[in-house]
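Presented below is the structure to which this report refers.
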Amino acid sequence: MEVTLYGAGANRSARCRWTLAEAGVQFTSVDRRDLAGPEELQRFHPLAKIPVAVIDGQTLFESAAICTYVADRVPSANLIPKVGTFARAEHDQWVAFCLSEMEAWLWNSAVNLFVLPEEKRISAGLEQNVSMFKRSAAVLETHLAEYDYLVEDRFTVTDIVVGWCLNWARRQGHLGAYPSIRGYVERLLARPLCALARD
């Protein structure tokens, strides 16, 4: 598999770097903070955003899609349950839950704190964003009180996708009331190939 990954630092491209490392896939990294913009990435991503992966000449964007595809392409790494199994449906469930019910609230806060120009930011929803994130975090807290990992109680690409989001929440100070999630994030950070930001 020939892979070029466009990304930067600890953003969502870290999910892809971690997945590629766990899968044992060598790749070319184009890692620059100024990548996200209308010119260089427009040919790969309709919104000129990162990460983007060019895999065997085909372009794929959205970190969860990239990670899932890489895991499927390297079955020997055993990073994802097989298509058609209930465990694979659980992978889809937790990834969709993470992106829609958790990460979206963190991203909305980020957009209105530092991504948009100051004159376009809206601060009225910031407190609500935290509240909505925590409402969903409570669901994961219940699950992780019984299991070490999200799917089949073993490390999978599901943990890479969801773990990145939870680590972002940890760095924002949102995990104080969730000891099981904090323990889960610590398990992920302890993995030798982990690409999550530790600060």
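The values are calculated or read from the model by the stated rules, or taken from the named source; none is laboratory data. Bear in mind the structure is a predicted one, so any value in this text is a computation, not a measurement. When we count neighbours, we look across all protein chains shown, and the Cβ atoms used for this are built from the backbone with ideal geometry, even at glycine. When the accessible area is computed, the model is the full protein with side chains, heavy atoms only, and any ligands, DNA or RNA have been set aside. Shrake-Rupley method; radii C 1.70, N 1.55, O 1.52, S 1.80 Å.
Descriptive notes on the structure:
- Flag for residue 108 being open to solvent by less than 60 Å² (accessible area, probe 1.4 Å), touching a helix residue (DSSP H, G or I) at 6+ places or on another chain (Cβ under 9 Å) and of a type outside the set (Asp, Glu): no
- If you go through the stretch 143-164 and pick out every residue that is part of a helix (DSSP H, G or I) and small (Gly, Ala, Ser), you end up with 1.
- Taking each residue of the stretch 60-74 that is closer than 14 Å to residue 50 by Cα and in contact (Cβ under 8 Å) with a residue 60 or more places away in the chain and looking for partners that are assigned to a helix (DSSP H, G or I) and open to solvent by 30 Å² or more (accessible area, probe 1.4 Å) with beta-carbon atoms closer than 9 Å, six or more apart or interchain, yields 64/96; 64/99.
- Selection of the stretch 1-50 for residues being within 24 Å of residue 170 (Cβ to Cβ), at pLDDT 95 or above and open to solvent by 10 Å² or more (accessible area, probe 1.4 Å) yields 12, 17, 21, 22.
- Restricting attention to the stretch 130-158, the residues that are closer than 13 Å to residue 183 by Cα and among the charged types (D, E, K, R) total 3.
- Filter pass, residue 24 being under 15 Å from the mean Cα position of the chain (by Cα) and on the phi > 0 side of the Ramachandran plot: no
- Selection status of residue 194, outside any helix (DSSP H, G or I) and of a type outside the set (Gly, Ala, Ser): yes
- Residue count for the stretch 114-134 satisfying the condition of being over 21 Å from residue 162 (Cβ atoms), assigned to a helix (DSSP H, G or I) and open to solvent by less than 90 Å² (accessible area, probe 1.4 Å): 2.
- The residues of the stretch 135-162 that are basic (Lys, Arg) and open to solvent by 80 Å² or more (accessible area, probe 1.4 Å) amount to a single one, 135.
- Unmet criterion (only one of (1) assigned to a helix (DSSP H, G or I); (2) of a type in the set (A, V, I, L, M); (3) over 14 Å from the mean Cα position of the chain (by Cα)) for residue 175: (1)
- Residues in the stretch 164-195 that are more than 19 Å from residue 146 (Cα to Cα) and open to solvent by less than 10 Å² (accessible area, probe 1.4 Å): 3 in all.
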